[in-house]
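Visitor: Okay, here's the structure, questions in a sec.
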Amino acid sequence: MVAENWNGGSQPAGGKPSGGGAGSYLIPLDTFSKRLKLLYSNWNDQKADLWGSADAIAIATPPESQDLRYLKSSALNMWLLGFEFPETIMVFMKRQIHFLCSKKKASVLEVIKKSAKEAVGVDIVMHIKEKNDEGIALMDDILNAISSTSKGEARPVIGYPVREAPEGKLLETWIEKMKSANVQLSDVTNGLSDLFAIKDDSELLNIKKAAHLTANVMKNYVVPKFEFVIDEEKKVTHSSLMDDTEKVIQDPSKAKVKLKPENVDICYPPIFQSGGKFDLRPSAASNEDLLYYDSGSVIICALGSRYNSYCSNIARTILIDANPSQINAYEVLLKAQEAVISLLKPGTKLNVAYQAAVSVIKKDAPELLPYLTKSAGTGIGLEFRESGLNINAKNEKVVKQNMVFNVTLGFQNLQNETKNPKCQTFSLLLADTVVVGKEKVEVATSASTKAVKDVAYSFNEDEDEDETPKRKAKIGTGAEPIMSKTTLRSDNHEISKEELRRQHQAELARQKNEETARRLAGEGNGAGDSRASSKTSADLSAYKNVNDLPPPRDLMIQVDQKNEAILLPIYGSMVPFHVATIRTVSSQADTNRNCYIRIIFNVPGTPFSPLDSNTLKIQGSIYLKEVSFRSKDPRHISEAVQQIKTLRRQVMARESERAERATLVTQEKLQLAGNRFKPIRLSDLWIRPPFGGRGRKIPGTLEAHVNGFRYSTTRQDERVDILFGNIKHAFFQPAEREMITLLHFHLHNHIMVGNRKTKDVQFYVEVMDVVQTLGGGKRSAYDPDEIEEEQRERDRKNKINMDFNSFVNRANDLWDQPQFRGMDLEFDQPLRELGFHGVPFKASAFIVPSSSCLVELIETPFLVVTLSEIEIVNLERIGLGQKNFDMAIVFKDFKKDVLRIDSIPSTSLDGIKEWLDTTDIKYYESRLNLNWRQILKTITEDPQSFVDGGGWEFLNLEVSESDSDKSEESDQGYEPSDVQSESDSEDDDSDSESLVESEDVEEQDSEVESEEEKGKTWEELEREASNADREKGNESDSEEERRKRKMKTGYGKGRPGPSGGSMPKRPKLR
């Protein structure tokens, strides 16, 4: 079945050994000896019944092929030798085994000569075929050897698998030679089937591993994929599902299975069927039709995987809004399959097992009997279908211990009473891999459930229930609905996505306002704006007493590095100043070759001056604000400035780090694994934020210990401990379109990485090198070097992703232990398909939601927003003609600044709305950017007015538009403290009725202005301009003057909205 590349290569599931050359092909001699005895024993005991009375058995394997094929000749190669030897002829005789093959294969087979002699007393005879030789003479030698064993005039009988058509020149020549020789030919297919039927322990282990993979691909990939596609109403074809599932089988880590990819392969291309077109034969194929999942539809999925060439199989049926007749048919089929499985015990005939299924159907639903498949499955192993073990009404073979069956049962083309043509015909199919034990039957694919409640999905909710669209995953259970479905179907109507979102958001608004009111009532009214926190520095002193001052040299500026002081000559004395008291230092030269040095000190009361605890102790003191010195020596001045700046920078960095460390929360100590268990390790990682220092950066290793992770490099001082109890969120983001694969930890409390305090620590590996080609010429797309380089990059990326995935899976297993379950830790993977571009800080980035957060983990600074901490989201600058919009995220903690994500493309608007609605986050839309700091300050100062005014509903654009026609007296808004009072002029009131004036108002204003400007002289216009300048004010104006000039703009001035166009008025907020 699997082709062999005898020029060396990797080892796939079909039995290719790794490495190159004959030395890499190690035939397991113990297994060979044991199975060779079984072959000769079975042949001798059942020569007439199963082996066609053959005196010799000829097995010829075809050339290598990439096609999936199951051949008795290939299976015997794998079973006996451990590998498939293409274009090789094996002839088993009573005293000899002849091999016709190439020189390289003969060198591999040399090792079995001794084992064959010891096991069954036969000699191995090699017939080496040269490369361009057809092997006719060698074939004649083998046939002559067979003829020489016959007694008298009786012609010897050669048995071979008659049903296998010869492939390639060698096999065609061999078949012609046998037919033209003076021999009889017979079929040994039944003998080979009987030989493979009973598996030994190593074969059973291979089948169970294959079945484990198959079941987990169904459970961890196919079923979640179905749920996602149906929830999100995606359009995917059967063939694309087939391709994706095949890739998952060939990469077991994607199905959360720890098997080496080189040992696994598919049994057949996965089969997906829906939309009324069903074929229950194993030869069926996935077509190009879209997956159909409307009400009453049925989806069938069948897939199989191999491990070391041993097969397994599974099939499941998914029911969508099934009617009672479909549910009943499925329950009967499930009961019938379980009846077959229960009878597959040693001593039972296969036709009895099939009859058990028939009996169940006759009793429970006799009308379904005509639709039942004629077979309930076959044996399975090296071949996907072991023909001698067909479970049907006629096969009387007896079940034996260590047989393995693919129990497949189905109803073909049942009829459904519906007007939908794609649901009028449906089929049901169930398949499992079953191992026959001594006392009990083991269903090796039981990890994938097939109970009715787990495969039947319902999307039609009763009308009297909550109108929020919900996904009901299981029938007959109290399971919580998971994600909301975007479209709710019923027999009479279909509600649009936008309408469903609007209904859901209305309910969220009610819940959110109630929740906010309760929270504000609990906090009380004393919640001022405490964003600004004062930093206090430690007591700084340069010298404890006068005697510690260095001896004066000349009256020149001196820098004392040891005591961190600057000595300045003032009135003939050297006066010391600690370097931390200096704010800035600069130098300047004039035209007379004089140099000036200017030193400005930190003085209380000046803008941006840090608050020092020393100033509070010595209140009422007089402070020196700045000093200037003149010198004829520019070199000395330059050195002094440089020394002062360097010393000041070092001291400030040290004090800053000391202050940050003082605010750190004390954490428990990391308990190293030691001898308890081998720590989970991931090597060659880089860290962000990086360690300080000017030395060369080096990668490190991340290890999981008893209660946390430790990252360390070969340098003693480069070490970071991350305790499990301090991890708030953990993320794993494989490299897809990015250059790095990363693990990211968002922490509850800050830790120090080097000399930086941070809540986000990231470990990453670059999956490919950034290389710039210096040559200007373009390279061909078919350049072998280019193709090889791309392949290397892909292999490197896949290996890195697999290593990270393995680390994540093992860490998740560690967190599943009882002592960590209360921490609710699990690596989350961002959902790239829901991502959008935006500017959260200064640069554009690709922001991606995960199940619990909104993150951006590639660019720094990192963005991690916990969804459960979000109060509301306001989508700003929403309007026709806008190419992008902004997102304002308001947190439940009103003391935190609102997070803004700017310049999001308008094409992402619907996706973001859908995501917010799905995650139960209330969002609003506005046409302008709002002054959120002022809004939150006003809310916290007077929460009762906020609650009485309708809570967050002042942001509701639809409500505002509907109320805009009401009089000003009926406007019930909420006004921040800096909004102009009612006593201001009527003209100002009219200007403040909305955030954006309508075009009508603007036209009226322009008409009045044009009338006023008629006939004005240049002097009058100039006088008006100067008055306007004075009205704008400057920094020296008093707060009262500036307040009188402030214009009412709702909750503050915003960025300009879309230019042009009429906009509805918003009610003013009071």
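Visitor: For the stretch 157-175, which residues satisfy the criterion of being more than 14 Å from Val188 (Cβ to Cβ) and not in a helix (DSSP H, G or I)?
Guide: Matches in the stretch 157-175: Ala165, Pro166, Glu167.
Visitor: So Ile230 fits all but one of (1) touching a helix residue (DSSP H, G or I) at 6+ places or on another chain (Cβ under 7 Å); (2) assigned to a helix (DSSP H, G or I); what number is the exception?
Guide: It is condition (1) that Ile230 fails.
Visitor: Another question, then. Restricting the search to the stretch 54-73, which residues are open to solvent by less than 10 Å² (accessible area, probe 1.4 Å) and touching a Pro at 6+ places or on another chain (Cβ under 8 Å)?
Guide: Ala56, Ile59, Thr61, Pro62, Ser73
Visitor: Can you pull out every residue in the stretch 340-353 that is in a helix (DSSP H, G or I) and open to solvent by less than 20 Å² (accessible area, probe 1.4 Å)?
Guide: Val340, Ile341, Leu350, Ala353 - these are the residues of the stretch 340-353 that are in a helix (DSSP H, G or I) and open to solvent by less than 20 Å² (accessible area, probe 1.4 Å).
Visitor: Right, something else. Are any residues in the stretch 292-333 closer than 20 Å to Ala210 by Cα and open to solvent by 30 Å² or more (accessible area, probe 1.4 Å), and if so, which ones?
Guide: Within the stretch 292-333, Asn308 is the sole residue that qualifies.
Visitor: Turning to a different aspect of this structure: Restricting to the stretch 731-745, what's the tally of residues that are among the acidic types (Asp, Glu) and modelled with pLDDT of 90 or more?
Guide: 0
Visitor: Turning to a different aspect of this structure: Does Phe426 fit the bill of being at pLDDT 90 or above and under 30 Å from Ser193 (Cα atoms)?
Guide: Spelling it out, it is not the case that Phe426 is at pLDDT 90 or above and under 30 Å from Ser193 (Cα atoms).
Visitor: If you don't mind, there's one more thing I want to ask. Give the residue, chosen from Ser73, Ser115, Ser102, that is small (Gly, Ala, Ser) and either modelled with pLDDT of 95 or more or more than 27 Å from Ile198 (Cβ to Cβ) (or both).
Guide: Going through Ser73, Ser115, Ser102 in turn, just one is small (Gly, Ala, Ser) and either modelled with pLDDT of 95 or more or more than 27 Å from Ile198 (Cβ to Cβ) (or both): Ser102.
Visitor: While we're looking at this one, here's another question. Condition first: open to solvent by 20 Å² or more (accessible area, probe 1.4 Å) and either free of Cβ contacts under 8 Å to residues at least 40 places away in the same chain or at positive phi (or both). Now tell me which residues in the stretch 714-736 satisfy that.
Guide: Correct list: Thr714, Arg715, Gln716, Asp717, Arg719.
Visitor: Of all residues in the stretch 284-332, which are of a type in the set (Asp, Glu) and either in a loop (DSSP other than H, G, I, E, B) or within 30 Å of Ser202 (Cα to Cα) (or both)?
Guide: Glu288, Asp289, Asp294, Asp321
Visitor: Looking at the stretch 288-330 only, could you name the residues that are on the phi > 0 side of the Ramachandran plot and touching a helix residue (DSSP H, G or I) at 6+ places or on another chain (Cβ under 6 Å)?
Guide: Asn308, Ser309
Visitor: If I ask for residues that are within 24 Å of the chain's Cα centre (by Cα) and open to solvent by less than 20 Å² (accessible area, probe 1.4 Å), which ones from the stretch 243-271 would you list?
Guide: Thr245, Val248, Ile249, Pro252, Ala255, Val257, Val264, Ile266, Pro270, listed by residue number.
Visitor: Can you pull out every residue in the stretch 690-706 that is touching a strand residue (DSSP E or B) at 6+ places or on another chain (Cβ under 6 Å), open to solvent by less than 20 Å² (accessible area, probe 1.4 Å) and closer than 25 Å to Asn755 by Cβ?
Guide: Of everything in the stretch 690-706, those that are touching a strand residue (DSSP E or B) at 6+ places or on another chain (Cβ under 6 Å), open to solvent by less than 20 Å² (accessible area, probe 1.4 Å) and closer than 25 Å to Asn755 by Cβ turn out to be Gly700, Leu702.
Visitor: Quick check on this structure: which one of Val559, Val575 is assigned to a strand (DSSP E or B) and within 19 Å of Glu639 (Cβ to Cβ)?
Guide: Within the list Val559, Val575, the selection yields Val559.
Visitor: Taking the condition of being surrounded by 14 or more Cβ atoms within 10 Å (Cβ to Cβ), among the hydroxyl-bearing types (Ser, Thr, Tyr) and within 15 Å of Thr584 (Cβ to Cβ), how many residues in the stretch 618-654 meet it?
Guide: Looking only at that region, the number is 0.
Visitor: Right, next: Specify which of the listed residues (Ser375, Ser359, Ser342, Ser387) is in contact (Cβ under 8 Å) with a residue 12 or more places away in the chain, over 25 Å from Ala451 (Cα atoms) and not aromatic (Phe, Trp, Tyr).
Guide: Among Ser375, Ser359, Ser342, Ser387, only Ser387 is in contact (Cβ under 8 Å) with a residue 12 or more places away in the chain, over 25 Å from Ala451 (Cα atoms) and not aromatic (Phe, Trp, Tyr).
Visitor: Follow-up. Are there any helices (runs of 4 or more DSSP H) wholly within the stretch 70-145 with 1 or more residues that are out of contact with any Asp or Glu (no Cβ under 8 Å at 6 or more places or on another chain) and free of Cβ contacts under 8 Å to residues at least 24 places away in the same chain, and if so which?
Guide: The helices (runs of 4 or more DSSP H) meeting that bar are 103-109, 112-120.
Visitor: Taking the stretch 874-908, which residues are over 25 Å from the mean Cα position of the chain (by Cα), open to solvent by less than 10 Å² (accessible area, probe 1.4 Å) and under 16 Å from Ile921 (Cβ atoms)?
Guide: Within the stretch 874-908, Asn874, Leu875, Glu876, Ala888, Val890 meet the criteria.
Visitor: Wholly within the stretch 404-450, which strands (runs of 3 or more DSSP E) include no fewer than the required count, namely at least 3 residues that are open to solvent by less than 40 Å² (accessible area, probe 1.4 Å) and touching an Asp or Glu at 6+ places or on another chain (Cβ under 9 Å)?
Guide: Result: 404-415, 425-436.
Visitor: Would you check if Phe836 is farther than 20 Å from Leu955 by Cα, surrounded by 14 or more Cβ atoms within 10 Å (Cβ to Cβ) and without any contact (Cβ under 8 Å) to a residue 24 or more places away in the chain?
Guide: It is false that Phe836 is farther than 20 Å from Leu955 by Cα, surrounded by 14 or more Cβ atoms within 10 Å (Cβ to Cβ) and without any contact (Cβ under 8 Å) to a residue 24 or more places away in the chain.
Visitor: Would it be correct to say that Asp289 is acidic (Asp, Glu), open to solvent by 50 Å² or more (accessible area, probe 1.4 Å) and in contact (Cβ under 8 Å) with a residue 12 or more places away in the chain?
Guide: It is true that Asp289 is acidic (Asp, Glu), open to solvent by 50 Å² or more (accessible area, probe 1.4 Å) and in contact (Cβ under 8 Å) with a residue 12 or more places away in the chain.
Visitor: At pLDDT below 90, open to solvent by 10 Å² or more (accessible area, probe 1.4 Å) and over 57 Å from the mean Cα position of the chain (by Cα), is that true of Ser148?
Guide: Here the answer is yes, as Ser148 does meet what is asked.
Visitor: Scan the stretch 390-398 and tell me whether some residue there is surrounded by 22 or more Cβ atoms within 10 Å (Cβ to Cβ), touching a residue at least 12 places away in the same chain (Cβ under 8 Å) and not in a strand (DSSP E or B).
Guide: The answer is yes; a qualifying residue exists.
The values are calculated or read from the model by the stated rules, or taken from the named source; none is laboratory data. From a predicted model like this one, the values you see are computed outputs, not experimental measurements. A quick note on method: Cβ atoms are made from the backbone with ideal geometry, for glycine too, and the neighbour counts reach across all protein chains shown. Side chains are part of the model used for accessible areas, which takes the heavy atoms of the whole protein and leaves out ligands, DNA and RNA. Shrake-Rupley method; radii C 1.70, N 1.55, O 1.52, S 1.80 Å.
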